[in-house]
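The values are calculated or read from the model by the stated rules, or taken from the named source; none is laboratory data. The structure presented is a predicted model; accordingly, all values stated were derived computationally and were not measured. Positions of Cβ are backbone-derived with ideal geometry, glycine not excepted, and every protein chain shown enters the neighbour counts.
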Amino acid sequence: MSPSVPLQEMIRAIRSARTQCEERGVIQRECAAIRAQFRQADNGGRSHNLAKLLYVHMLGYPAHFGQMECVRMIASPRYSEKRVGYLGAMMLLDEKQDASLLITNSIKNDLSHSNQYVQSLALCTLACMGSAEMCRDLAPEIDRLLRASNSYIKKKAALCAVHIVRKVHDLGELFAPAARSLLAEKNHGVLHGAVVLIIELCERNPETLERFRKVLPDLVQIMKGLVLSGYSPEHDVAGISDPFLQVRILRLLRILGHNNEGASDAMNDLLAQVATNTDSTKTVGNAVLYETVLTVLDIKSESGLRVLAVNILGRFLLNNDRNIRYIAMTSLQKIVGTDHNAVQRHRGTIVDCLKDQDASVKRRALELSLALVSASNVRSMMKELLLFLSSCPAELKAHAASGIFNAAERYAPSQRWHIDTILHVLTTAGGDVRDETVPNLIQLITNASELHCYTVHKLYRALLTDISQVSVSNQSEIRFVTEDDVLDALETVLQSHMSGPLTACLSLHHFTTASRIRSIVSIYGSCIDVELQQRAVEYNALFKKYDHMRYATAR
Amino acid sequence: MQFMLLFSRQGKLRLQKWYVPLSDKEKKKITRELVQTVLARKPKMCSFLEWRDLKVVYKRYASLYFCCAIEDQDNELITLEIIHRYVELLDKYFGSVCELDIIFNFEKAYFILDEFLLGGEAQETSKKNVLKAIEQADLLQENIDFQMRLFAGSRDTAQRTGGNWTDINMVHIIIHLPPTSFICQLLYVADNNSNSPLSTLNFTVTHTHTQLCLCFLPLFRDKQCSTVWLISC
């Protein structure tokens, strides 16, 4: 058995392996050595062995035999061993493993340890992987630490409480009083933790939310202090004083002000102040502005403030930074229903974003553009959207197509335009059109009876281009198309295995009484494609029923 | 935050921190797919993407991608700041950090992350405080790495880290030290509350596993000793 090498040497050895096979060999040897070491009595190198195992685990190799070692190390009185033991627990033991329960007692003991760094390890681990059972067990301990400990521990206990509440919702009640008193602390870490905890409590319990509305003045005070205070080196990020805390408080304000006039009024001035005073030249300032805008738009803010917020989003849309444009559109999406006119003002910029290189930005622009289509702008918007469709990424095609169909249906200025649009979509992205839109389309085409000839012409052209890949260059030829020509084309379509049921159905639907079509259709009564077969049988039945109806065909 | 991943441009995972309970298999699958998706993005693209039902925020620093999955209601821009803060912390700790630092000292990278984020949320917004805490914890680790075994009597192998010393005449202190040469100062704390050393003893250590036999008879008698510290200076 080869002697165990120090951690860094092992890492070096693994990295110098030239092939996957060689790497596996090194790791197998190391794991064997580690296993052997685990079985031995305490030899002083336990933490290094476990660290090696954790490295191997990160590379993707199995490491479950280290679970019990983690449990043992956590129980060790030595800090170095506890540190690696807890790290191992967070990496190898999740709440789904049975072994995780074994560390509950160690965590409990360490939460009351005389050394705050040991307490910290326990808190961190509990907040990371504590199961509901562990949380229930240790909640009273955490509550105690929330009240009677130093800032270092309080801030961690607050976030631990957040995790507990997420796991066991009822325990929220337990932490509410302590959370409230934490707001009086000066330490930013504690304040931040307290706000996160209060957010969690309010989101889960409307009664708690009611009670926490009373602390609104305190929050406003804290926020004012951050925004208006001078430079504070400890918490400054590019001229913004503790942006992390600011963003959290703004989020809490949003929750407290939502659907509540009184609370919204109380925070109005503050929000205006933040919106105007925050420097927007760096991302961090924009992060705060973004949160402010989200808050303003989600509470019962007065109209002036709302306009201010939408204007900020408008500025964001023109920002060079793609990230800022993206989040601007996300926010505008949220209010496009309620503040439609305000968002319409930025339609031009949004449509420009359809041409952006980035798929995320494109997606957002598409959503927003579809929402902005109205009776007055439908022609120009549709032009842009159809242009977008021809070059948009594959994953957006289906969504774009159905979005266009919906918009066209709602705002079509004329039926001819509508059919044009539909056919355009079919030729551009026919394969991506969702099947459920087919019945609507057929219905539409059927209803526009005076346009049937027109539709047929266009369909014929579309079918031709679909199959032969040769564009119909001479438009005038269409005038001389006879019924037989059209049927020829259709027969080709039906015989071509490339055409989907959609095209076939549409084409069949327009020639319900032609006898030749009946013969074609009866062949397809036994077609392999189930849908075609179904359609064929249906139409055959229709033919027999309405034989007397002669249908004016293509001229 | 649901999880944070650090990976290289070749897709090798350098750090993974999960704040939601998932099986190993699920974690591997998510990691593999997300890494592929992020690596496929072009350089100037948006730092945000919607992946499955999650919001993902990522940023590349030199050869490493920092990737976080956040909740629907979380602020994407502040997440970028969180990533940046973590990078700054690593940079300060390692002194101009590079990927190799994180590879060879991965456990330190985790310790730093755990001092900055707790349960997926930022726990300390002051850079200085995070670094101070790490420093203190490291010092604590070094101290106890100098393993102290306090024997009662002559060759008794019973391990003691505290207790009443009135019945002890002689104490063997065995100190296991890393292979470096430095001057050590032995302090001891008289009881849980008082931090002032009652006695100090200077000695030089040049070998590993140096065994020092020290007589503390007049020092330890009648005193409650809870912790013995060895610090390097």
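Overview of values
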{"read-out": "Positions within segment B:77-103 being under 20 Å from B:Ser63 (Cβ atoms) and in contact with a Leu (Cβ under 8 Å, 6 or more places away or on another chain), in sequence order", "value": "B:Tyr86, B:Leu89, B:Lys92, B:Tyr93, B:Val97, B:Glu99, B:Asp101, B:Ile102"}
{"read-out": "Segment A:114-170, subset in contact with a Cys (Cβ under 6 Å, 6 or more places away or on another chain) and assigned to a helix (DSSP H, G or I), residue nearest to B:Gly119 (Cα to Cα)", "value": "A:Ala127"}
{"read-out": "Residues that are among the hydroxyl-bearing types (Ser, Thr, Tyr) and without any contact (Cβ under 8 Å) to a residue 40 or more places away in the chain, drawn from segment A:254-278", "value": "A:Ser264, A:Thr276"}
{"read-out": "Counted residues, segment A:306-351 - those being charged (D, E, K, R), modelled with pLDDT of 90 or more and either closer than 19 Å to B:Lys44 by Cα or not in a helix (DSSP H, G or I) (or both)", "value": "3"}
{"read-out": "Flag for B:Leu39 being away from every other protein chain (no Cβ under 11 Å), hydrophobic (A, V, I, L, M, F, W, C), touching a Phe, Trp or Tyr at 6+ places or on another chain (Cβ under 8 Å) and touching a residue at least 12 places away in the same chain (Cβ under 8 Å)", "value": "yes"}
{"read-out": "Residues (over 15 Å from B:Arg14 (Cα atoms), more than 14 Å from chain A (Cβ to nearest Cβ) and not small (Gly, Ala, Ser)) located in segment B:42-70", "value": "B:Asp53"}
{"read-out": "Subset of segment A:168-188 (residues that are over 27 Å from A:Ser232 (Cβ atoms), aliphatic (A, V, I, L, M) and either within 14 Å of chain B (Cβ to nearest Cβ) or under 32 Å from the mean Cα position of the chain (by Cα) (or both))", "value": "A:Val168, A:Leu171, A:Ala176"}
{"read-out": "Scan of segment A:46-73 for residues that are loosely packed, with under 15 Cβ neighbours inside 10 Å and more than 10 Å from chain B (Cβ to nearest Cβ), ordered by number", "value": "A:Phe65, A:Met68"}
{"read-out": "Any hit, segment B:97-116, residues being facing chain A (nearest Cβ under 10 Å), more than 30 Å from A:Arg166 (Cβ to Cβ) and at pLDDT below 80", "value": "no"}
{"read-out": "Flag if B:Ala122 is in contact (Cβ under 8 Å) with a residue 40 or more places away in the chain, surrounded by 20 or more Cβ atoms within 10 Å (Cβ to Cβ) and within 7 Å of chain A (Cβ to nearest Cβ)", "value": "yes"}
{"read-out": "Leading residue by the ranking (surrounded by the fewest Cβ atoms within 10 Å (Cβ to Cβ)) among those in segment A:207-235 that are out of contact with any helix residue (DSSP H, G or I) (no Cβ under 7 Å at 6 or more places or on another chain) and at pLDDT below 90", "value": "A:Gly230"}
{"read-out": "Check on A:Arg379, assigned to a helix (DSSP H, G or I), under 22 Å from A:Val351 (Cβ atoms), at pLDDT 60 or above and touching a Pro at 6+ places or on another chain (Cβ under 7 Å)", "value": "yes"}
{"read-out": "The lone exception for A:Leu253 - which of (1) exposed (fewer than 15 other Cβ atoms within 10 Å of the Cβ); (2) under 17 Å from B:Gln73 (Cβ atoms); (3) touching a Leu at 6+ places or on another chain (Cβ under 8 Å) it fails", "value": "(1)"}
{"read-out": "Candidate set from segment A:353-402 (those that are within 14 Å of another protein chain (Cβ to nearest Cβ) and acidic (Asp, Glu)); member that is surrounded by the fewest Cβ atoms within 10 Å (Cβ to Cβ)", "value": "A:Glu395"}
{"read-out": "Qualifying residue in segment A:281-295 (condition: more than 13 Å from chain B (Cβ to nearest Cβ) and not hydroxyl-bearing (Ser, Thr, Tyr))", "value": "no"}
{"read-out": "Residue list for segment B:62-83, filter: modelled with pLDDT under 95 and of a type in the set (Ser, Thr, Tyr)", "value": "B:Ser63"}
{"read-out": "Single condition A:Ser374 does not satisfy, out of (1) more than 22 Å from the chain's Cα centre (by Cα); (2) in a helix (DSSP H, G or I)", "value": "(2)"}
